Amino acid sequence: MLARLLRTDESPLFSRGAWDELPDAELPTPPLREGLGSAHLPVTTKVPLAQAYFDQGLRLLHMGWGAEARRAFAEASRQDPSLAMAWWGLALARGAGGRFAADRAEAIRKALALCEGATDLEQRYIVAASLLADKGPSNGRHAFVREMESLIDCHPEDPEARLLLAGFLMDGYEADGRPCAGQPYAQVLLRELLRTHPHHEGVHLAWVTSMLGSRRPKEALDSALRLLSLGARVSPYLVGAGRLLMRLGHTEQARTALQLAIEADDAWVAEQSLPVNAAPLAAEAMRLLVSVCAEAGQYREGQIWARRLRNRVEVAGDSQAMLLATCTLASLHLRFGFWRAAAELHAEPSADAPPAERGLLEGLRRYTRGLSALEAGRLVEAERACESLDAMHGPLNEERRAESHLLCPRDVARLVEVAADELRGALDARRGDPARAEATLIRAVRLERRLRAAGPAPFSRPARETLARVRMRFGREEKALELAEEFAAERPGSGHARFLVAEARVALGRLPEAVSDFTAFLECWREADPHLPELQRARAFMAGRGRHLRVVSSEMAVDEGPMLLRARKRVSG
């Protein structure tokens, strides 16, 4: 999808791809592959291999697999040096940003020079792409959309143009759930394509992606299952399906999809004798598997995937990838309340590491140390951690992003700010100041909702969970329940969210309803590690039908009850 290439929709693990520095003419020849989809656009060539490689590049472009699409388009240009549309593909597959602006400009210049003998359809594609190459995806947006609309009006029989336009327009959703500009238009195009071209794999992937952040993700379930059932295993299709299945709470199916994606990428890398950073989504699938394990209460298995990810990126020698892999493992420890394990993770940035990488690592260190101090009752030390985090996000906001590095300092600044507010809110509650704690945590929730998907994943605890527990502690159980139910509705497969709802019901004395909520939690965690304290607490409640846990708010610390804290120490010890 063009949105994935031209506007980074998610934080990439590796700062450099396998062939980023190679010019188009030197890219290695890829094999022609089956199972990439059915996309086809007739182009002006008398060389069958040129047409075949062009179609392969188009299919990869629909997936957002830019590096491999470049290889296919480059081979199409070698098979037929006069094929203008091969250079069109090379211009789009290079992605956005100033780093490759000269390459994009050169490719589109060649396409324009060769397009005189091409069809009207091809010429319109090339003119539209030239507007993006000249002005970039932001400044050239309106002109590109208008040119593509004109193309679609003149050639309504061509589904690829509608799919490319929909892929470009997908902007996701705002923090309050409203669609961003272009999102409803993209969905209208995709609904029509689903009706007219129900067997087009690229359409199903785009539909899954477009509905992922909506309030109606279930509408894309059939498309996700179709991608999962394809005979050929291609990681972009599998990860797309896995993401939607995670969103809907279908944990086991999501796990299957993500594991198949890793296997598909590993097989492809081995077959082609390529470096691990050439695999498009294996590392991302591992990160998602860590999240799946965290929500399912599988702490030990989550550690296995997190360490597999670290071992994988060590081979590539990419400092950004190593840092993000370390953050993935630290976030897993934090999700289960093991602050000290997270604080003891060591990773040293290189001497020439950019400010964003240094800031992310230092922010994680200060936050985890602050949590450890808070758990031990060292409130002065926790206050110092809050102050040091507060001092970080201002300078990070002022840093400029370097084109040679993908991690943005402002994205890191936002994460640090959320972590600082979450920690300070917990500290204020521990000091017995509920009004200040709630105000700080509400701000953290709002900031958390505004984090960009293209930035790194948050390393702090979910601010809504901390806020709900603070409300339970200070007698605002109804508000805590509202927040917990909202959280569980957004993440139906999350055992942590289900557990929070159950705890809020207990705090309100609604024990029959709490039985139902704890049952749902135990179903989410049916394969969980048996010694986790939440599991023991839920089973104790179910065994006594509420007699043992009748009053939660008087027991609870800001973040967890003493029983949970003691149990965690036993598990981590």
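The values are calculated or read from the model by the stated rules, or taken from the named source; none is laboratory data. Since we're looking at a predicted model, the values are computed, not measured. When we count neighbours, we look across all protein chains shown, and the Cβ atoms used for this are built from the backbone with ideal geometry, even at glycine.
Here are a few things to note about the model shown:
- Condition met for Phe54 (at pLDDT below 90 and of a type in the set (Phe, Trp, Tyr)): no
- Leu230 falls short on exactly one of the conditions (1) assigned by TED's automatic domain parsing to the domain that holds Leu61; (2) at pLDDT below 95, and that condition is (1).
- Every pair of residues 6+ apart whose Cβ atoms lie under 6 Å, when the first sits in the range 283-307 and is under 16 Å from Arg247 (Cα atoms) while the second is charged (D, E, K, R) and surrounded by fewer than 24 Cβ atoms within 10 Å (Cβ to Cβ): Val292/Arg255; Cys293/Glu301; Ala294/Arg335
- Long-range neighbours under 8 Å by Cβ, at least six apart or interchain, first residue surrounded by 19 or more Cβ atoms within 10 Å (Cβ to Cβ) within the range 246-273, second among the aliphatic types (A, V, I, L, M) and not in a helix (DSSP H, G or I): Arg247/Leu212; Thr251/Ala296; Ala261/Leu281; Ala264/Val234; Asp265/Ala279; Asp265/Leu281; Trp268/Leu274; Trp268/Ala279
- For the range 15-47, filtering for residues that are farther than 30 Å from Ser229 by Cβ, assigned to a loop (DSSP other than H, G, I, E, B) and not hydroxyl-bearing (Ser, Thr, Tyr) leaves 11.
- Asn311 falls short on exactly one of the conditions (1) without any contact (Cβ under 8 Å) to a residue 12 or more places away in the chain; (2) of a type in the set (S, T, N, Q); (3) farther than 28 Å from Arg16 by Cα, and that condition is (3).
- Being assigned by TED's automatic domain parsing to the domain that holds Ala166, over 22 Å from Asn277 (Cβ atoms) and touching a residue at least 24 places away in the same chain (Cβ under 8 Å) is true of Gly35.
- Of the residues screened, Glu477 is one that is of a type in the set (Asp, Glu) and touching a Leu at 6+ places or on another chain (Cβ under 6 Å).
- Residue list for the range 473-527, restricted to those being of a type in the set (Phe, Trp, Tyr), part of a loop (DSSP other than H, G, I, E, B) and closer than 30 Å to Asp428 by Cβ: Phe474
- Looking only at residues of the range 450-473 that are more than 26 Å from Ala341 (Cα to Cα) and surrounded by fewer than 19 Cβ atoms within 10 Å (Cβ to Cβ), we find that the one that is modelled with the highest pLDDT is Arg450.
- Set Arg365, Arg401, Arg384: member being basic (Lys, Arg), in contact with a helix residue (DSSP H, G or I) (Cβ under 9 Å, 6 or more places away or on another chain), farther than 30 Å from Asp20 by Cα and surrounded by 16 or more Cβ atoms within 10 Å (Cβ to Cβ): Arg365
- Within the span defined as the range 443-465, every residue fails to be closer than 15 Å to Arg358 by Cα and either free of Cβ contacts under 8 Å to residues at least 40 places away in the same chain or part of a helix (DSSP H, G or I) (or both).
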